[in-house]
Amino acid sequence: MSRLASCVLCWLFALSVSASFAADDFNLVKAAEGIYVAQRSEPPGFTFVANMVFIVNDDDAVVVDTGVGPATAKAAIAALKKLTSKPVRYIVNTHWHDDHMMGNSTWREAYPGVEFIGHARAEAEMMSTGVSNRKQLLEQGPAFAKQIRDALAKNENLAGKPISNEERLAYLSDVAWAERYFTEAPRFSLIAPTLTVEDHMTLVRGKRTIEIRHLGRAHTGADLIVHLPLEKIVITGDLVVWPIPLYGSTSFPVDYIATLDKLLALNASTLIPGHGPVMKDDRYARSMLALLKSIESQVRAAVARGETLEQVRKSVKLDVFRKEFAGDSAMLNSLFSSYAQGPGVARAYQQIRDGL
Ligand SMILES: [Zn+2]
């Protein structure tokens, strides 16, 4: 398999492989009074499992993102029910990727009548790109999982070098999650948003004000963020992904810059990312922004020179950012190639050359 094909597969693999592993593989982190994050605790790897957020109000609860399938959703519902007996009235799906939305049906069983809030384009994306990506993943993912298992058996990483302990833990987690996903995904029940947002929606629930906003295209063309202005909290969805940014095959790196600028302009004191720990400052998001700006300006210059994508991949230099995000970690360096540099450069090239 060529390096490019393998990277594309890595991305596809990451797009939605986030199945139901261990029911308690998250820490419940209190971000403010009544606001809890089911913060995932897996090691960073090729698979992703998204955080979920519970906002407990005077008379009800609002949830942000629903897990990747029945098992992750059930574990989160059990955790929420220990916190409160109030019913969940609204669920916000920040975007249509599987790990943020495929728990919807399980949440609906637990809370009949719950409304799902998503971007106006989320259903169309879920039913087109989402379905075809999942199909491709189910067809090609098992071979990639086998590559990882074979590498583990040989004590090597995917590049054929001696495996580090960090890589071993990540690979073991990846394989476990992938296999759960392959089991659950064929039976996913797709529940689209019942209330849609083009630009902005405000929920007032007792003393709580919850602003749901589309700030522009970024991680996908249909991203929502949730802003709690009184608490100075922003729930970013995958606009912020830690420890390596995820500019995947459905991202819009050029638009992402303005979108992230708008997110930062909200001046939140707490950022709850789609993946990664609760952040008490915006330093990480600002590093993501600087990386995007560098990709955009370098790709724009390369397109002006008439370079092909293969030439652009070589001419764009992101070593300073690679060092900042990945340091000396072989695992994080490999994720930087697969999730930030590879797809980020390719999508920026498509956007700038083809006006995507
Ligand atoms: Zn995503």
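Points worth noting:
- Interchain or long-range residues, amide H under 5 Å from VAL241's placed H: LEU246
- Semi-axes of the equivalent ellipsoid for the chain, Cα gyration tensor, largest first, Å: 31, 24, 19
- In summary, the helical segments of the chain meeting the span-like criteria, namely a full DSSP H run, a Cα extent along the axis of 30 angstrom or more and a mean Kyte-Doolittle hydropathy of at least 0.0, are 283-304.
- Intensity falloff of region 165-287 expressed as log10 I(q)/I(0), Debye formula with alpha-carbon point scatterers, at q = 0.09, 0.12, 0.23 Å⁻¹: -0.32, -0.57, -1.30
- Placing a label point 7 Å from the Cα of ASP261 along the Cα-to-Cβ direction, the residues of region 207-223 whose backbone N falls under 15 Å of that point are 215-218.
- Among 308-320, 132-144, sorting by the average number of other beta carbon atoms lying within 10 angstrom of each residue, highest first, gives 132-144, 308-320.
- Assigned charges on the beta-carbon of Lys, Arg, Asp, Glu; the chain dipole about Cα centre (debye): 380
- Rel. contact order, % - alpha carbon contacts under 8 angstrom, at least six apart, the chain: 17
FYI, it's all coordinate maths here, none of it is from the lab. Because the structure is a prediction, the values reported are computed rather than measured. Using ideal geometry, Cβ is built from the backbone for each residue, glycine included, and neighbour counts are taken over all protein chains shown.
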